[in-house]
Amino acid sequence: MTRLLLVVLAVSGAGYSAAESVTVVSWGGSYADACEEAYLKPFAADTGVEVVLDDYNGGLSEIRSQVEAGNVRWDIVDIQFPDLVRGCDEGLFETVERSLLAPGVDGSAAEDDFYPDLISECGIAMLFFSTVVAYNHERTTGETPRTIQDFFDLDRFPGRRGMRRTPLANLEFALMADGVPASEVYAVLDTGEGVDRAFRKLDTIKDQVVWWDAGAQPPQMLADGEVVMTTAYNGRIFNAQVLEDQPFTIVWHGQVLEISNLAIVSGSANLDAARQLLAYASRPASMAAVSRYIAYSPSRRSAEGLISNHLATGVDMASHMPNAPENTKLALRSDWSWWADNGEDMTERFGSWLVR
């Protein structure tokens, strides 16, 4: 789905031509809606640049195809860290000048305001999100799931599971469910035996898994009773809870904390406008604005102090943030450098495993 946010026929003093535009590709659904309201519409209104919002399901294949063909249609992509690192190594993204980044709310340098290691050569980390386990408590009787181990326990909690069609986060879930402490997951995955162990654990529920690709699918699967539990993005579940009054519960135990980034596609025909949008979106105020629409938390320290209530419902957002202290006690922070180094091999093996 493509959405046109603003078309300006003439803008005086904005520094842009009337025909200039920028195409932003994101993950669709309530997350894309949040970004649209938080900073894409305001950017378009403030600058007069036409912003076109499109959707995808992640990965590098389409970006690679556009760059290699010399037919780049996308300007900015919202991308997970491992793909950002791999794409940067392949020359798929433009470099990002740190001078673009606004200082913190308190005037601190951007490099100090971002959490460590979140400003990369080719992109800017925007927010933390989590892949969690969720269930419909109105369809659950008796004992309720509380841990990642429960997700894999078909005896105590029979029924179908939902999982994203990717090895990312699923291998981590499998090892934690098999007894590996979160602090040791990537050391175990760094061995052939550890990878085998993760796939053996996935084997135990494979016949009961319904695979999903887009973030909007898990809430729908829970609502329809297609699955009794599913992995999901925490913000999608939160919005289903507060906006649709869905009886969903998040299991924070074993959550995989991840980072979403913005990057400019190499060869963008609208490079100046894309850089301006990157600078605008990465301001503390823009990041905090996203958190008024969906439960994802900023990657800048000073932006956290700007988080308030959910705009539509008035819900206090602090306790719903994926990196809130109470939610991260038993969390795993995704090691994007490990996935950058091993992601292609794991994706190939995962694909072969799926069709076995």
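The values are calculated or read from the model by the stated rules, or taken from the named source; none is laboratory data. The shown structure was predicted, so the numbers you read here are calculated from the model rather than taken from an experiment. We place every Cβ from the backbone using ideal geometry, glycine too, and count neighbours over all the protein chains shown. The area values use the complete protein model at the heavy-atom level, side chains included, leaving out ligands, DNA and RNA. Shrake-Rupley method; radii C 1.70, N 1.55, O 1.52, S 1.80 Å.
Structure values in brief
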{"quantity": "Values of log10 I(q)/I(0), in the order q = 0.13, 0.20 Å⁻¹, for segment 132-192 under a Debye, Cα-only, solvent-free model", "calculated": "-0.40, -0.83"}
{"quantity": "Segment 197-356 pair-distance distribution - Cα-Cα, 10 Å bins, rounded %", "calculated": "9, 28, 35, 22, 6, 0"}
{"quantity": "Between segment 162-221 and segment 233-267, the Cα center-to-center distance that results, in Å", "calculated": "17 Å"}
{"quantity": "P(r) histogram, all alpha-carbon pairs of the chain included - 20 Å bins from 0, percent", "calculated": "30, 58, 12, 0"}
{"quantity": "Estimated inter-spin distance, residue 324 and residue 121, nm [label 7 Å along Cα→Cβ]", "calculated": "3.8 nm"}
{"quantity": "Accessible-area composition of segment 100-248, carbon plus sulfur, in percent [1.4 Å probe]", "calculated": "44 percent"}
{"quantity": "Extended-chain gain in nm, criterion 0.36 nm per residue less alpha-carbon gap, residue 99 and residue 190", "calculated": "29.1 nm"}
{"quantity": "Nonlocal amide H pairs with residue 129, under 5 Å, H built at 1.01 Å", "calculated": "258, 259, 260"}
{"quantity": "Phi to ³J(HN,Hα) by Karplus 6.51 cos²θ - 1.76 cosθ + 1.60 over segment 82-88, Hz, x for Gly, Pro", "calculated": "x, 5, 4, 5, 5, x, 5"}
{"quantity": "Protection proxy ranking of 290-303, 80-93 - average other beta-carbon atoms within 10 Å, highest first", "calculated": "290-303, 80-93"}
{"quantity": "Neighbourhood net charge (13 Å Cβ-Cβ; Lys/Arg +1, Asp/Glu -1) for residue 301", "calculated": "-4"}
{"quantity": "Amide H contacts of residue 330 (H built 1.01 Å from N, under 5 Å, at least 5 apart or other chain)", "calculated": "254"}
{"quantity": "Accessible area per residue, Å², segment 65-199 with all protein chains present, probe 1.4 Å", "calculated": "43 Å²"}
{"quantity": "Across the chain: Cys residues that no other cysteine approaches within a C-beta distance under 4.7 Å", "calculated": "35"}
{"quantity": "The chain, relative contact order [Cα under 8 Å, separation at least 6], %", "calculated": "25 percent"}
{"quantity": "Whole-number Å³ per residue for the convex hull built on Cα positions in segment 30-96", "calculated": "110 Å³"}
{"quantity": "Sites residue 89 and residue 301, calculated FRET efficiency, Cβ-Cβ separation with R0 22 Å, nearest 0.05", "calculated": "0.20"}
{"quantity": "For segment 151-266, alpha-carbon Rg and Dmax in angstrom", "calculated": "15.2, 50"}
{"quantity": "Within straight-line cross-link reach of residue 329, lysines at Cα separation under 26 Å, skipping those fewer than 8 residues along the same chain", "calculated": "201"}
{"quantity": "Karplus-derived 3J(HN,Hα), 6.51/-1.76/1.60, for each residue of segment 301-309, Hz, glycine and proline x", "calculated": "4, 5, 6, 4, x, 9, 5, 10, 9"}
{"quantity": "Theoretical ellipticity at 222 nm over the chain - DSSP helices of four or more residues, -39500 (n - 2.57) apiece, nearest 500", "calculated": "-9500 deg cm²/dmol"}
{"quantity": "Accessible area per residue, Å², segment 255-356 with all protein chains present, probe 1.4 Å", "calculated": "40 Å²"}
{"quantity": "Segment 100-240 - share of DSSP beta bridges that are antiparallel (%, nearest 5)", "calculated": "50 percent"}
